[in-house]
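Comments concern the structure below.
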Number of protein chains: 2
Amino acid sequence: MEEEVPQVQDVLAEAKPHLRQKDPQSGSGVMSRKLWLRPVDLPEENCVVLITFPKGTAEGFVEWLRRAVRDVHPDLTLQPKLMASAKCMSLKCSAPFTLMLKGAEELCLPKKLNAECGGGQWEFVMSHSHLFDGIENPDTFFTSEETGSIVRHLLYSVQASETSLKDPPECVSRLSLFVGEPILAKCLSEGLIDQIFPLHEGIALKALCKNWVKAFFHRQILHDVKDYFGVKIGFYFRWLGLYTMFLLGPSIVGTILLVIGMCGKENMVDMAFLFYALFNVIWTTVFLETWKRKSAELAFKWGTLDQRSGRLCQPRPQFTGEVRRSPITGQKERYYPAWKRNLIRFTITGPMIVAALALSILTNSAICKMEEHVGSIEGTWGQWFLHHLPKVGLGILIPVYDALYYYLAVWLNDFENYRTEEKYENHLIFKLVVFQFVNSFSSLFYVAFYQQDLGSLQAHLAALLITRQIVDNVKESALPYFLGQFKLSRLHLSLKALGSPSPSKEKKNILQENESRIQATGTEKSSEDGTAQPNKPPSGKALSNAELESSMTPYPGTFDDYLEMFIQFGYVTLFSAAFPLAGLCAFLNNIVEIRSDAFKLCYIIQRPFGERVRNIGTWQDCMELMGLVAIVVNVTLIGQMGPLHRLAPSLSQHHALLAVVVFEHLLLGLRWFLVRAIPDVPSWVKDEMARLEFHRREAFNRQSLLEEDKILVSSIPGKHLGIQNPDSEDTSSLPHPSGKGNNLN
Amino acid sequence: MEEEVPQVQDVLAEAKPHLRQKDPQSGSGVMSRKLWLRPVDLPEENCVVLITFPKGTAEGFVEWLRRAVRDVHPDLTLQPKLMASAKCMSLKCSAPFTLMLKGAEELCLPKKLNAECGGGQWEFVMSHSHLFDGIENPDTFFTSEETGSIVRHLLYSVQASETSLKDPPECVSRLSLFVGEPILAKCLSEGLIDQIFPLHEGIALKALCKNWVKAFFHRQILHDVKDYFGVKIGFYFRWLGLYTMFLLGPSIVGTILLVIGMCGKENMVDMAFLFYALFNVIWTTVFLETWKRKSAELAFKWGTLDQRSGRLCQPRPQFTGEVRRSPITGQKERYYPAWKRNLIRFTITGPMIVAALALSILTNSAICKMEEHVGSIEGTWGQWFLHHLPKVGLGILIPVYDALYYYLAVWLNDFENYRTEEKYENHLIFKLVVFQFVNSFSSLFYVAFYQQDLGSLQAHLAALLITRQIVDNVKESALPYFLGQFKLSRLHLSLKALGSPSPSKEKKNILQENESRIQATGTEKSSEDGTAQPNKPPSGKALSNAELESSMTPYPGTFDDYLEMFIQFGYVTLFSAAFPLAGLCAFLNNIVEIRSDAFKLCYIIQRPFGERVRNIGTWQDCMELMGLVAIVVNVTLIGQMGPLHRLAPSLSQHHALLAVVVFEHLLLGLRWFLVRAIPDVPSWVKDEMARLEFHRREAFNRQSLLEEDKILVSSIPGKHLGIQNPDSEDTSSLPHPSGKGNNLN
């Protein structure tokens, strides 16, 4: 983005009038001269990760941080930049390829081996880098997501040392850092750093927008999504795709059931009712088992099938605790005893969650009572309005409660102070799911089992399902979109106030701005291929990508997306027998959901760092539990709503109940059998894993043999002591790494 | 066993009169001279594994086999010996330490690392042998079980080659071996080899007998058991020990319940009944979860926690199929398509098992009908006799059916032709458990739910539990014991017929013989320590250990032991509410069972090869399923036998059923919660695993750094290409391995 480079100085100059006319190369103002030693014409694409600081951060702190990072990784590029619009400082970080390789090794990042070693993924090792596929091309060896993750790892692995703690700025000394503590994580959690996030990559993002977000009727290009956004988001979209595809089943069966219900005989309807319950169990189980297989397949393909112990992971940046010597690593670490956490869980979290649940149940039943009462009021239009008011009220109140409880759950979960990201997330999911379940389903349970009113249940279900989907979509896409636009206009205003030339495109909304950003980066890259394009006037792009992206909402994680789908899954499976169209509604919603979630990721929200997960975690358990509950609920519905009684009128109430219980146990047995009968890992994945292991062992043996040959040939005394690397010539095209990781040949 | 060496020749000479007076060193008779090139005064303790051939095996075949093995492992000792008593040939196999190390590497045998590497188990690698604990002492580095397993692996890894197939004896050419096929497995499955088994080790066995079999009131010394018999048997005894300890719970609670039942009020009895059902669920779940934790702990301690893919395992020797090129290894292998196996399973196995189940159910209900009929016959003593006849009949018929079905199941399982030992075993367990469940419990279900007669149920349970335990113990220990004695006397007779000097101890039973064998080996070893003992006259030990052990019953696996306990577990959990003393009966039985199973292993049965397993496999699943069924059965008993009705007489039948169903679901929920709440792997094991991984990584990094230093120091060009082994001096005490594995310094 060559045309932007002068603009950086422009913005800087505008923000700091005394620098305005100076040559930035010699600009010494308040910033130290050292800050400008790096070549300023570094293209912006080279900025992989952006660190932004809160407004009013002392420049001494930024300089100290840069020095601390440079002490550990001298090759890491940290280019300072003033974010004119937000009047805050930032550091643009990127790393040369050799440093990236070292980071990949430290991260135990799995990379594809070359064909000679049988292909397949293996943790990257620098000493055997020649065995990895594509190592000869530094531009493409790492995916866009991996590049960001490695740079983040390099930044996060910078620990406080004797030298960096010798003369720290005032704000740092307040942190009480100890030698060996990760600096950046601490600064981030203490608010000295505002955000750390990876910047978008023009060409790749443009391709994603074209072939994924807008390719409404095409398969998702999930490999590219994973390469760009990481494994966790890839998993989410694959899961959503599979779920949507599976929803075709209940959609079709439910529609047929509805047609039968409208024109069929009563006996047939009742039979169809029983059949649908059976179908439901099989469908849920087969879907969840299919996902398990798919999940194992993806984890294998994406190299996350076997992961390391969580106890060796870095703690969450927000994790606090006393400093002690770790019994595992022998190094200093923060430690928070499990008993304290358990105490909090039992004395604070438990009661508060129970209270929140009780409040939700009370509200729900109050609304239901109101509805009963309202139903008896006379009147024509007013009655219609009053009749639907409680349902709509419920549809609005539930998301409001959700949002409030969400903040409570996050606060409680933060308070419980989990060490690893994974544990933190699993406990948060559990907290949210319990409440969501009660909040979303208690009114339905009330109608179904207390009022025992099938018509009311159907009306409720339809209202909830549809209002919820509308509210969720507003909350998810429209709201952040308008918030983003609001922020953007504020940015423009502040730029104006600073006296920048008013950009012609100022009134463009953020989407158009992003669109043009994506276009610009794309065409720019392609212009490097030879077809030179005329430079656009700098006034046309008042905000750089970095500034634009730093003003976007940070990615909140896959929580909300999964939660939304989990509740929908509940509507479809729990009461499907009462409202057979639920499947179709969900199917139609999800067709749109896939692309709107994709749209959100690409256009509205800050790019997230990739996370390497092996499956969808607690969500799978939650959905399996939902499948179990669905059996009980559906069978109870059958027992209550009377199809059994109509089919066999001679049955006594007692025997009917007995029949229902037996039917339930048969369904539970069927589910158990299906879970057992479908293997969790596909046969071909097992074959492939065995093949890879065999080839790696073979390669190892081959190498050992070659070494022996070398030993026989060589006559230099002492040389037989080592394991020789026979393929070392292959890697001669590789740049020589600097620093400690010097065992690359 | 120096005094036995001349005897080997004696026996040989007696069996082959033309060799009688010859010097065995020059004996050329029919056996080629080469057979005798190995030193004959090899002490018998050095025989680790014994291969015996069927009577009348051509000596050419034995010679061919030896040559084939020697081609691959020239250092493997294969000492031929004629088993005089059985008139068959045998080979005594053992390996030198360096070959053992190579075998351990091929087996990926986990061994303990030294303290510098953080301890813990790691797969043995020859090139890093100096990092392993105790490597400096070849006598103790491998446990007794490992020695046997490694020698077996070395033997089984001998594959047919061009040379060995060039001019095979007639019996071999009938096998249609292909190049690369394991020879010994094929010969074993085709009956050319009679048995391959490890010989007992005197001192260790003696210690086990003293401190384990006879130490009735002491803790089991399971680490020694595992070192001697392998991980799988160690797991069984640990499981049995835990189960027996846990049985204390139902023993005590059941006894208290009985006392309440005898002297308490009816209301209290009913409450206790409900309480016992609840206790039962908690007890079962906690027991199974505790075992899971214990199992993970043992697997960690014993180095089997992470095992390799079954697809890389050698197939079972009995596995047959067409020869094809493996897609995994690219080598020739036998292949049996899955669809054929599935065809057999659905068209043959399925119907036959259903038929067997039907037969069992029919017989059981016929006996129950008879009992009903008999109960109405008048008479005093005759009535008593007739009254108990059906129960005793059932107690006898069930084991008979079991035995017949066992052969059917094994035959069917063989027919289904599973590739790996593990799959074979899991499917066999499944087949057996289904039948066992029906066969053992159908009469009880009949009495409990069809007749609904609590008194009769109690009588049935007591009769089954007690007769079963007696019959099982007879089948398990007494029967093989007498069979062994019978075999032994036949051996003595045949020796007599051959004209050997009639041994004075001929009338000793096999137990005494074994006892003296253990004593002899023990004292002999200790005599090596300095205190010389007068040599016993050779006539005092007419049979060598090898001959004695080869005549013993081969170890049938842990099947029967687990099966017995599984059924007992069913009696205790399923109907415990009806017969509260079941727990106590089982507890008393198991106290004896532990030692009688130990006795069987040490005295009666051929020593088995150790098997490396990670848990108790399908049995855990079976028992968890039993726990589920137990909830349903117990709750149904409560609903039927009326305690609920008596506690709340105002409840209608319908509401009572509803209450029972709700109670059942609460119990199921409780079980689900307990399973979730108790982590499967203890925290300390996770910590320890993380610590080990950390230390290994650290050691690796340290090594890399040292290498870099060496690179800087060394000035020999080209030397910087290799990974240098800095600790190579440490291994100078190690003997240099021969053969391919030459990367030991």
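The values are calculated or read from the model by the stated rules, or taken from the named source; none is laboratory data. What you see is a predicted model; the values in this text were computed from it and never measured. All Cβ positions, even for glycine, are placed from backbone atoms using ideal geometry, and neighbour counts span all protein chains on display.
The single condition from (1) surrounded by fewer than 18 Cβ atoms within 10 Å (Cβ to Cβ); (2) at the interface with another protein chain (Cβ under 9 Å from one of its Cβ atoms); (3) at pLDDT 85 or above that residue A:669 fails is (2). With respect to the stated conditions, residue B:636 is in contact (Cβ under 8 Å) with a residue 12 or more places away in the chain, within 27 Å of residue A:653 (Cα to Cα), of a type in the set (Ser, Thr, Tyr) and within 12 Å of chain A (Cβ to nearest Cβ). Tell me whether segment B:420-435 contains one or more residues that are under 33 Å from the mean Cα position of the chain (by Cα), surrounded by 15 or more Cβ atoms within 10 Å (Cβ to Cβ) and under 21 Å from residue B:634 (Cα atoms). Yes.
Report yes if residue A:249 is surrounded by fewer than 22 Cβ atoms within 10 Å (Cβ to Cβ) and either in contact (Cβ under 8 Å) with a residue 60 or more places away in the chain or not hydrophobic (A, V, I, L, M, F, W, C) (or both), otherwise no. Can you show your working first?
On the way: surrounded by fewer than 22 Cβ atoms within 10 Å (Cβ to Cβ): yes; either in contact (Cβ under 8 Å) with a residue 60 or more places away in the chain or not hydrophobic (A, V, I, L, M, F, W, C) (or both): yes.
Yes.
Any residue at all in segment A:135-145 that's under 25 Å from the mean Cα position of the chain (by Cα) and assigned to a helix (DSSP H, G or I)? There is at least one residue in segment A:135-145 that is under 25 Å from the mean Cα position of the chain (by Cα) and assigned to a helix (DSSP H, G or I). Applying the set (1) surrounded by fewer than 15 Cβ atoms within 10 Å (Cβ to Cβ); (2) assigned to a helix (DSSP H, G or I) to residue B:228 leaves exactly one unmet item: (1). Among the residues making up segment B:321-356, those that are under 16 Å from residue B:414 (Cα atoms) and not in a helix (DSSP H, G or I) are B:321, B:334, B:335, B:336, B:337.
Residues of segment B:123-134 that are in a loop (DSSP other than H, G, I, E, B) and under 25 Å from the mean Cα position of the chain (by Cα): B:124 alone.
Listed here are the residues, each with its yes/no results for (1) more than 27 Å from residue A:99 (Cα to Cα); (2) among the charged types (D, E, K, R); (3) surrounded by fewer than 18 Cβ atoms within 10 Å (Cβ to Cβ); (4) in the same structural domain as residue A:594 (by TED's automatic domain parsing).
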site: A:123; (1), (2), (3), (4): no, yes, yes, no
site: A:127; (1), (2), (3), (4): no, no, no, no
site: A:144; (1), (2), (3), (4): no, no, no, no
site: A:154; (1), (2), (3), (4): no, no, no, no
site: A:158; (1), (2), (3), (4): no, no, no, no
site: A:169; (1), (2), (3), (4): yes, no, yes, no
site: A:193; (1), (2), (3), (4): no, no, no, no
site: A:217; (1), (2), (3), (4): yes, no, yes, yes
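Taken residue by residue, segment A:77-94 has no member that is in contact (Cβ under 8 Å) with a residue 24 or more places away in the chain and assigned to a helix (DSSP H, G or I). Quick one: is residue B:149 under 24 Å from residue B:320 (Cα atoms) and modelled with pLDDT of 85 or more? In short, yes. Look at residue A:227 and say whether it is touching a residue at least 24 places away in the same chain (Cβ under 8 Å), within 23 Å of the chain's Cα centre (by Cα) and assigned by TED's automatic domain parsing to the domain that holds residue A:59. When the stated conditions are applied, residue A:227 does not pass them. Going residue by residue through segment B:103-111, is there one that turns out to be crowded, with 18+ Cβ neighbours inside 10 Å and touching an Asp or Glu at 6+ places or on another chain (Cβ under 6 Å)? Yes, segment B:103-111 has at least one match. State yes or no: is residue A:188 surrounded by fewer than 22 Cβ atoms within 10 Å (Cβ to Cβ) and assigned to a helix (DSSP H, G or I)? Criteria met by residue A:188.
Test residue B:664 against the criterion of being within 13 Å of chain A (Cβ to nearest Cβ) and closer than 30 Å to residue B:425 by Cβ, and give yes or no. When the stated conditions are applied, residue B:664 does not pass them. Only residues that are within 19 Å of the chain's Cα centre (by Cα) and surrounded by fewer than 18 Cβ atoms within 10 Å (Cβ to Cβ) were counted in segment B:406-419, giving 3. Here is a list: B:204, B:215. Which entry is in contact with an Asp or Glu (Cβ under 8 Å, 6 or more places away or on another chain) and farther than 28 Å from residue B:661 by Cβ? B:204 is the lone residue from the list that is in contact with an Asp or Glu (Cβ under 8 Å, 6 or more places away or on another chain) and farther than 28 Å from residue B:661 by Cβ. Within segment B:291-320, restricting attention to residues that are assigned to a loop (DSSP other than H, G, I, E, B) and at pLDDT below 75, which residue is nearest to the other protein chains (Cβ to nearest Cβ)? Going through the qualifying residues, I end up with B:309.
Kindly indicate which of B:649, B:608, B:580 is more than 14 Å from chain A (Cβ to nearest Cβ) and without any contact (Cβ under 8 Å) to a residue 12 or more places away in the chain.
On the way: B:608 fails: without any contact (Cβ under 8 Å) to a residue 12 or more places away in the chain; B:580 fails: without any contact (Cβ under 8 Å) to a residue 12 or more places away in the chain.
Result of the check over B:649, B:608, B:580: B:649.
I'd like to know if segment A:272-291 contains one or more residues that are outside the structural domain of residue A:106 (by TED's automatic domain parsing), within 21 Å of residue A:612 (Cβ to Cβ), within 26 Å of the chain's Cα centre (by Cα) and in contact (Cβ under 8 Å) with a residue 24 or more places away in the chain. Within segment A:272-291, one or more residues are outside the structural domain of residue A:106 (by TED's automatic domain parsing), within 21 Å of residue A:612 (Cβ to Cβ), within 26 Å of the chain's Cα centre (by Cα) and in contact (Cβ under 8 Å) with a residue 24 or more places away in the chain. Return a yes/no flag: does segment A:262-277 have any residue that is at pLDDT 80 or above, assigned to a helix (DSSP H, G or I), of a type outside the set (Gly, Ala, Ser) and crowded, with 20+ Cβ neighbours inside 10 Å. Yes, segment A:262-277 has at least one match.
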